[in-house]
């Protein structure tokens with residue numbers, strides 16, 4: 001809470017106890033030490049020698065109940081951002097609840113892939129020894145660039161060449177895993193590498209290919225404001241790297257032009 005808000009509540013005859021955070025405009029104190037939850041999580045990650053870049057999943061280091069605490073902390077700090085932008089959140093009816101909405105959006109929707117564990121995926125043995133090319137897509141991509149937190153919107157295709165020892169997963173699970181990877185601040189080049197690594201580890205195919213095409217609103221909305229440009233990139237693993245004919249078959253079947 002900043003000094004002005006604390007003074008306002010003092011004038012109204014109410015102050016939260018030390019170590020508590022006031023939920024503005026409600027007269028309610030959250031007695032959890034909200035300001036420390038992000039530090040507790042960071043310290044836990046550092047103690048385990050792990051990194052916590054924008055596109056990393058940190059769910060293993062978040063304890064039960066801490067996401068609610070983190071939401072309150074982000075809400076409070078987002079209120080400070082709005083105040084620093086000289087927006088009258090107390091009297092502007094359009095922004096009175098913006099900080100909470102933005103905090104909830106980041107933690108439970110657009111950046112959920114950082115804070116939630118991998119979706120449950122049932123794997124099946126390759127009982128019929130399938131060994132032909134399988135393609136999933138286009139899968140809708142929704143992400144945000146790490147540089148400006150502007151939207152990345154696009155689509156991707158996944159090609160899998162299984163072998164008799166591969167584990168097969170349901171078609172919808174490819175979309176769920178892609179959404180989990182993309183629901184973080186990302187760089188497109190890194191995002192599809194993360195997706196390829198995850199799928200190779202789960203499916204254990206002879207080869208895997210990922211192609212992604214996306215609009216980057218850090219170019220559309222700001223900067224050069226170029227609405228026509230898209231970015232397309234690919235990751236090829238295993239036989240897709242070794243076999244040019246298989247690679248060409250995959251690329252011809254996804255038909256990027258449509």
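Just so you know, all these numbers are worked out from the coordinates, no wet-lab data involved. Note that the structure is predicted; figures quoted are calculated from it, not measured. All Cβ positions, even for glycine, are placed from backbone atoms using ideal geometry, and neighbour counts span all protein chains on display.
Some notes on this structure:
- Taking the longest Cα principal axis of the chain as reference, the axis of helix 171-182 is set at about 50 degrees.
- Here is how the number arises for the chain: DSSP H runs of 4 or more residues each give -39500 (n - 2.57), the sum is divided by the residue count, and the result at 222 nm is -11000 deg cm²/dmol.
- Ranked for footprinting exposure by Cβ neighbours inside 10 Å, fewest first, 93, 53 give 93, 53.
- Overall form of the range 123-254 per C-alpha gyration tensor (a/c, 1.5; a/b vs b/c): prolate
- Normalised contact order of the range 123-254, rounded percent, pairs of Cα under 8 Å and 6 or more residues apart: 27 percent
- Principal-axis tilt of helix 188-203 within the chain, Cα atoms, nearest 10 degrees: 60 degrees
- Seen against the Cα atoms of the chain and their longest principal axis, helix 244-254 is set at about 60 degrees.
- Put the Cα centre of the range 38-57 next to the Cα centre of the range 201-246 and the gap is 28 Å.
- Difference of contour (0.36 nm per residue) and Cα-Cα distance, residue 164 to residue 150: 0.8 nm
- Residue order, fewest to most surrounding Cβ atoms within 10 angstrom, among 224, 235, 200, 160: 224, 200, 235, 160
- Gaussian network model of the chain, springs between alpha carbon atoms under 10 Å - residue of 71, 85, 195 with greatest fluctuation: 85
- Ranking of 219, 153 by count of other Cβ atoms within 10 Å, fewest first: 153, 219
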